[in-house]
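These notes are about the structure you will find just below.
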Amino acid sequence: MIIQLEKNIDKTQKEKLFDKLTALKIDARLIKTNFREYIVGIPSGEFDLREIGNMPGIADIHRVSDSYKMVSRKWKLNNTVIDLGDGITIGNGELAIMAGPCAIESEEQIISIVNHLKKNNIRIMRGGVYKPRSSPYSFRGLGIEGLKLFHKHCSENGIKVITEVMQVSQVEPMLDYVDIFQVGARNSQNFSLLDVLGKTDKPVMIKRGISGTIDELLYSAEYVFSGGNEKIMLCERGIRTFERATRNTLDLSAIPILKDKTHLPVIVDPSHGVGIRNYVPPMALAGVMSGADGVIMEIHETPEKAFSDGPQSLYYPQAEKLYRQLRETKKLRDHF
Ligand code: PEP
Ligand code: MN
């Protein structure tokens, strides 16, 4: 059960409400987010909703049968829209395109990519400065200094930054230089990190774990929401299966399922999803037709020289063609 509290509920009304919930043997937790206050109640048996519904200070009350609550569409029918400022939003019906290198490699590279994005009217740039690498000897990112340069060039050009945060200690130093925190597949169930991101006011994109189920992804989002941050989006980036012809298996079916189960925006990552450059465009388009609110993809000025994920990074001309196709495909979807 979710109880949405009135914005002007007073202390006594709140206390009475909690007393009532205790009397009804409902385990109640207060959630304060960047927008509102809620109570999530887990009942231990049957109860009459009317006994609570008429109490003062309550704006809305819903039974939610899903075991995740705040991220469930059963409670909130309207899509969550994430406002990044400067007229850039995610989840409002327009297709959000985020593109950039796997890893930020140099200032020259940032400038080159920013110019490419501007030319194509792409308003969000991706790029890792903390890279989770399977081998500790691979390039692990430029760290906070790289992020500062990344953010400087983007903000000067009206572009928003999405970048991965790998651990709790990085959150605070990164805050001023990030527009969206990305939680990587390997950290999808790092609950301490999700808890801390719940205490920030920055949008968070949570990637599906390499062997994570759709429900597990929703529970991860519930951590951030119940921690206090409603600005969440989910990302399907492929899962590990027995198939070896691709890097991962992009689970397109997760997209309509997530759109059904949750009000949060859903992003598709065809780059990690398939892992092979020439198959990225068809999977990106399929992601849009499946209902994704946005696409995140890897591009590089010279992919053969990329420090990481070169084989799945698109050349600029390839990316430009794909942006056009994505926008056309989105229009086609809107006709359905
Ligand atoms: C990335 O976005 O570069 C990345 C490492 O993604 P994932 O966590 O999905 O592997
Ligand atoms: Mn990558």
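The values are calculated or read from the model by the stated rules, or taken from the named source; none is laboratory data. No experiment lies behind these values; they were computed from the predicted model shown. Neighbour counts are summed over all protein chains in view; Cβ atoms, including those assigned to glycine, are modelled from backbone coordinates with ideal geometry. For accessibility, only protein heavy atoms count, side chains too; no ligands or nucleic acids. Shrake-Rupley method; radii C 1.70, N 1.55, O 1.52, S 1.80 Å.
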(request) Scan region 168-185 for residues that are assigned to a strand (DSSP E or B) and touching a helix residue (DSSP H, G or I) at 6+ places or on another chain (Cβ under 7 Å) and jot them down. (result) PHE181, VAL183
(message) I want to confirm something. Restricting to region 126-160 and keeping residues that are under 10 Å from ILE104 (Cβ atoms) and hydrophobic (A, V, I, L, M, F, W, C), which single residue is nearest to ligand 2 (Cβ to nearest atom)?
(response) VAL129
(request) Could you list, in sequence order, all residues of region 197-213 that are more than 19 Å from GLY128 (Cβ to Cβ), open to solvent by 30 Å² or more (accessible area, probe 1.4 Å) and of a type outside the set (D, E, K, R)? (result) SER211, THR213
(message) If PRO311 meets every condition in (1) touching a strand residue (DSSP E or B) at 6+ places or on another chain (Cβ under 9 Å); (2) within 15 Å of ligand 1 (Cβ to nearest atom); (3) free of Cβ contacts under 8 Å to residues at least 40 places away in the same chain; (4) over 27 Å from GLY198 (Cα atoms) apart from one, which number is that one?
(response) (1)
(message) Can you say whether LYS25 is over 27 Å from the mean Cα position of the chain (by Cα), outside the structural domain of MET297 (by TED's automatic domain parsing), among the charged types (D, E, K, R) and on the phi > 0 side of the Ramachandran plot, as far as the supplied structure shows?
(response) yes
(request) Of all residues in region 285-336, count the ones that are charged (D, E, K, R) and open to solvent by less than 10 Å² (accessible area, probe 1.4 Å). (result) 1
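For every residue, the table says whether it meets (1) in contact with a Lys or Arg (Cβ under 8 Å, 6 or more places away or on another chain); (2) small (Gly, Ala, Ser).
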position: MET174; (1), (2): no, no
position: ALA185; (1), (2): yes, yes
position: ASP195; (1), (2): no, no
position: GLY198; (1), (2): no, yes
(message) Exactly one of these conditions fails for GLY184: (1) more than 12 Å from ligand 1 (Cβ to nearest atom); (2) open to solvent by less than 10 Å² (accessible area, probe 1.4 Å); (3) touching a residue at least 40 places away in the same chain (Cβ under 8 Å). Give me its number.
(response) (1)
